[in-house]
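Below you'll find the structure, written out as structure tokens, and then a few comments.
The values are calculated or read from the model by the stated rules, or taken from the named source; none is laboratory data. This one's a predicted model, so the numbers in the text were calculated from it and none came from an experiment. Cβ sites come from the backbone with ideal geometry, for glycine too, and all protein chains shown count toward neighbours. Ligands, DNA and RNA are stripped out before the accessible areas are found, and what is left, the full protein with its side chains, is counted by its heavy atoms. Shrake-Rupley method; radii C 1.70, N 1.55, O 1.52, S 1.80 Å.
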Amino acid sequence: PDVEPEPVPGEYLIGVGRYDVTGPVAQVNMMGYANPSQTAAGLHQRLYSRAFIVCNNGNSSCVVFVTVDSGMASQVVKLEVIKRLKEKYGQTRYTERNVVISGTHSHSGPAGFFQTMLVEVTSLGAIKQSTDSFIDGIVKSIDQAHSQMRRGSMHIGTDNVVEGNINRSPSAYLKNPLEERERYQYNTEQEMTMLKFKANNGDPIGMFTWYPVHCTSMNFSNQLLSSDNKGRASALFERMMRKSGEDRSGNESFVGAFASANLGDVSPRTKGPICVDSGKSCDFEKSTCGIPPRVKNCVGFGPGVDMFDSTDIIAKRQLETAKILYFNKTKEQLVGEVSWVHQYVDMTNQSVQLDDGTNTTTCKPGMGYSFAAGTTDGAGAFNFVQSMTEGTPLWNAVRDDIIVKVVCSVPPPKEYYDCHHPKPVLLPTGYMDRPYAWHPTIVDVQMLRLGQLIIIAVPGEFTTMAGRRIKESVQNEAKAHGIHNAKVVLAGLSNVYTHYITTPEEYTAQRYEGASTIYGPHTFQAYQQKYTSLVESLVTGKHGGFAPGPSPADILNEQIELLPPPQPDSVPSGKSIGDVIDDVNGIFPQGAEISVTFYGANPRHNMKVCDLGATYLAVQQLTNDTQWTDVFVDTDWETRFLW
């Protein structure tokens, strides 16, 4: 019989995979801006799940990392993904403990794939087609990675992205201690970290990067599904790495992923906000314009002339850094164990030790007034503004006399509101339980280890400084337990979505991010202390030194879906599906926009168009007298499909 070779330091079993998760491209609300008028009406870029699997050389310890072109990860999606993986691969190989699912935070994907109500209000509840597309595509991307595993090595490197982001809440950032801020040149992180995979024979396998920037280059007027700047960067890198014979977007064997990081207060709109009604600067603390002050006219712009141009520019700025890293700066080889640590944590009553030695706790979740103000990437409504530290009689009455009476089984006590101080709670989601929970209570706390690299998978959007602090805490703890050259990256929006996590100082500003820090002013310290406490188990590989925690409920089959089904397709009398209305006959100069209009069926009627390699359209070129060849399909940047 074959004998398993002796483990070689720095050699691992590595597999990568990619699969389509696009979902319904018409008539569904889009996830991210929570704008009920942003309804999908076509496709610009397909959405993908990109996965890597790494196992130690003996194949006895494996970890899986998935980054998905979605608004965020969802607990109900992860639970179903794990259920299917266990059915295929047994109960212990791929579980909730060693699989991380992270969202890129595109604000232009389909909504309706969550286990809590708040993020499903504008989508009219759950959308089964969205949920199924994400689950199926994630599982198939992991299947691909599993089936293509081979021996190889991993290398890491870092470099700065030039003008790839700005801080959209600088007034909150300034609340952090001066001596801490002086340690850093910028009020956002500029650094991109790359993990490169290479086979033992030298073949390129893939690469994953982590860099903080919101995928809000496409604004809330957009109605075409889009993977935004990170998806665009991935497509460009993968196209660059195509092998001979790989001539269709999405079919490349090389997987190049641009994952999210601590992007909580980080915008891609690098020209910054301006008052669109006057051309003047917005109010620094409240992001308002005019009298009376309103947020709707304070809008972030850039760097391009429109949202498509801006998406392309921010993508290419990430791409240029990634190319430098991949070909020149991923010099450090990963050597060491492959391990993981995971615990379910009830975040509604976590004990927190403060700097003065006293103890306090987190709160049941709640959203502050400034949550309703939105951001300079996407403003809110009514008279809400950022930095609100006091409620108003009108909205308190709406909360108490309508919201609480309709969706709360038990009214919140005064202690609940006091717990969130100085946040004035607008939505007491910790008590909003009809028809089911409006916010998660049980969250995943999880880390992966690949040699000296530690990936902190966090269940939300950490701000710049919150991310810096937790990475430093984990790195110091890892060094104390023997990983003296520890490197740490933060993977945002992982496993379950709990909105934002600011530092305690930023929380006092009650900008949008602070108002959306749902477990109260000590949310960050609770996470910092919990992750740090698990580093020893991560380093030693001893997963039984702590309780696994209370498992979250799986409500996949209990969700409410109010979105009407698609109506039967119909065309005018004498016409048929597929008949062309406006054709493309003619000769066009290079760079011209060419359009064809035809009678088409509702895309929601055939979700098989979400299979890898499928397309709603193709642009073909006559390569000889009889042979037509696809040169563009619907996931290519050059095409747009409108329904």
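Name the residue, out of ASP569, ASP636, ASP582, that is among the acidic types (Asp, Glu) and open to solvent by less than 60 Å² (accessible area, probe 1.4 Å).
On inspection, the qualifying residue turns out to be ASP636.
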*Among (1) in contact with a Pro (Cβ under 6 Å, 6 or more places away or on another chain); (2) assigned by the TED database to the domain that holds LEU43 - the single one ILE314 does not satisfy*: (2)
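Inspect segment 337-358 for any residue being at positive phi and out of contact with any strand residue (DSSP E or B) (no Cβ under 9 Å at 6 or more places or on another chain) and give the result as yes or no. Don't jump to the end; show me each part of the working.
First pass over segment 337-358, keeping only residues at positive phi: 357.
Filter once more, so that each one left must be out of contact with any strand residue (DSSP E or B) (no Cβ under 9 Å at 6 or more places or on another chain): 357.
Checked against the condition, which is being at positive phi and out of contact with any strand residue (DSSP E or B) (no Cβ under 9 Å at 6 or more places or on another chain), segment 337-358 yields at least one hit.
Of the residues in segment 467-498, how many are within 17 Å of ILE101 (Cα to Cα) and open to solvent by less than 10 Å² (accessible area, probe 1.4 Å)?
Of the residues in that region, 9 qualify.
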*Mind listing whichever residues of segment 384-395 are in contact with a Pro (Cβ under 8 Å, 6 or more places away or on another chain) and within 12 Å of LEU426 (Cβ to Cβ)?*
MET388, GLU390, GLY391
*Are any of the residues in segment 83-91 touching a residue at least 12 places away in the same chain (Cβ under 8 Å) and farther than 23 Å from PRO548 by Cβ?*
no
*Hey, which of the helices (runs of 4 or more DSSP H) in segment 443-538, taking only ones fully inside, have at least 2 residues that are at pLDDT 95 or above and in contact with a strand residue (DSSP E or B) (Cβ under 7 Å, 6 or more places away or on another chain)?*
464-480, 512-515, 523-533
_Residues of segment 605-628 satisfying the condition of being touching a residue at least 24 places away in the same chain (Cβ under 8 Å) and touching a strand residue (DSSP E or B) at 6+ places or on another chain (Cβ under 6 Å)_ = CYS610, LEU612, TYR616, LEU617
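Go through segment 343-361 residue by residue and tally those that are part of a loop (DSSP other than H, G, I, E, B) and open to solvent by less than 50 Å² (accessible area, probe 1.4 Å). Spell out how you get there, then give the answer.
First pass over segment 343-361, keeping only residues part of a loop (DSSP other than H, G, I, E, B): 347-350, 354-358.
Subset that is open to solvent by less than 50 Å² (accessible area, probe 1.4 Å): 347-348, 350, 354, 357.
Of the residues in segment 343-361, 5 are part of a loop (DSSP other than H, G, I, E, B) and open to solvent by less than 50 Å² (accessible area, probe 1.4 Å).
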*SER221: surrounded by fewer than 24 Cβ atoms within 10 Å (Cβ to Cβ), of a type in the set (Gly, Ala, Ser) and farther than 28 Å from TYR19 by Cβ, yes or no?*
yes
*Would you say GLN510 is more than 22 Å from the chain's Cα centre (by Cα), polar (S, T, N, Q) and surrounded by fewer than 24 Cβ atoms within 10 Å (Cβ to Cβ)?*
no
*asked:* Quick test for you: out of ASP309, ASP265, ASP277, pick the one residue that is within 23 Å of the chain's Cα centre (by Cα) and free of Cβ contacts under 8 Å to residues at least 40 places away in the same chain.
replied: ASP309
_Pick from segment 546-561, criterion among the polar types (S, T, N, Q) and assigned to a loop (DSSP other than H, G, I, E, B), ranking: least open to solvent (accessible area, probe 1.4 Å)_ = GLN559
